[in-house]
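Take a look at the structure set out below.
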Amino acid sequence: MDFIDAYLTELSKSVSALSRPDLRRVCDALMQAWREDRAIFMIGDGGSAATASHMMCDLNKLTITPGKRRFRAIALTDNMPLITAWGNDAAFEVVFAEQLRNFMRPGDIVIAISTSGNSPNLVKAVETAHEIGGTVIALLGDKGGKLAEMADLVVRFPDPHQGRQEDGHLIMNHVIAGELKQRMNAER
């Protein structure tokens, strides 16, 4: 089997093993946040930062339902001047935590996306989110790392390969956005 066949075969197995109950619990929490007009903040590093931006886009646009309130999703990965200011003037580990101190309110949600679950800046942001009184959802790799123990809701992508974990996070994003859209359409 060549790399292409092996990669796609393993990805398919991992998608099949992805926890549907965990994804449904995430959708339940996000629907509750929508009903309460809460903000949702996405964070991640590297490829996971790109996924955070993608998820912000999809939550804000793909879930639009005529006549109904929209989601308020913000990717804290997208403000490079503020990220680099905090990284340079304080420490990289606070680049998301300090943004949460500006924007987050009790009851808001943070979605932390990470393959390792151990990034110090995400760990610090999750601690800060809990201090503020928010809920944390973690989309993680197969091991989960520190974030698996810290988050209120966890979805792991059951695959040891980092690239396929990142693929899995994008799949989770699309499943979540699609499910939310259906639920919003059904909501009276």
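Read-outs: derived from the displayed coordinates by stated rules, not from any lab. In this text the structure is predicted, and so the values were computed from the model without any measurement. Glycine gets a Cβ as well: all are built from the backbone with ideal geometry, and neighbour counts include every protein chain shown.
Cα centroids of region 79-103 and region 1-25: 34 Å apart.
Any chance you could tell me what percent of the C-alpha pair distances in region 86-188 go past 20 Å? Result for the distance tail: 45 percent. Looking at region 25-112, the trypsin sites (Lys or Arg not before Pro) that sit in a DSSP loop and have at most 15 other Cβ atoms within 10 Å of their own Cβ are Lys68, Arg69, Arg70. From helices alone, the chain scores -18000 deg cm²/dmol at 222 nm; the rule is -39500 (n - 2.57) for each run of n ≥ 4 DSSP H residues, then divide by the residue total. Along the charge dipole of the chain, Cβ charges K/R +1 and D/E -1, which of Leu180, Asn121, Met150 sits furthest on the positive end? Of the options given, the answer is Leu180. The value of relative contact order for the chain, using C-alpha pairs under 8 Å at least six residues apart, is 25 percent. The distance linking region 134-163 with region 171-188 is 21 Å (Cα centroid to Cα centroid, whole angstrom).
Nothing charged except the Cβ atoms of Lys and Arg (+1) and of Asp and Glu (-1): what's the magnitude of the dipole of the chain about its Cα centre? Round to the nearest 20 debye.
The dipole magnitude comes to about 880 debye.
Taking a label point 7 Å from the Cα of Ala90 along the Cα→Cβ vector, which residues of region 114-150 have an amide N closer than 13 Å to it? Counting only backbone N, you get 121-122, 124-129. When the Cα gyration tensor is reduced to axis lengths a ≥ b ≥ c, the ratio a/c is 1.5 or higher for region 3-186, and with a/b not above b/c it is classed as oblate. Across the options Ile111, Leu30, Leu139, the greatest Cα extent toward the positive end of the charge dipole of region 3-186 (unit charges at beta carbon of Lys, Arg, Asp, Glu) belongs to Leu30. Ignoring the sites themselves, the chain has its longest run without GluC sites (Glu not before Pro) in a DSSP loop having at most 13 other Cβ atoms within 10 Å at 37-186.
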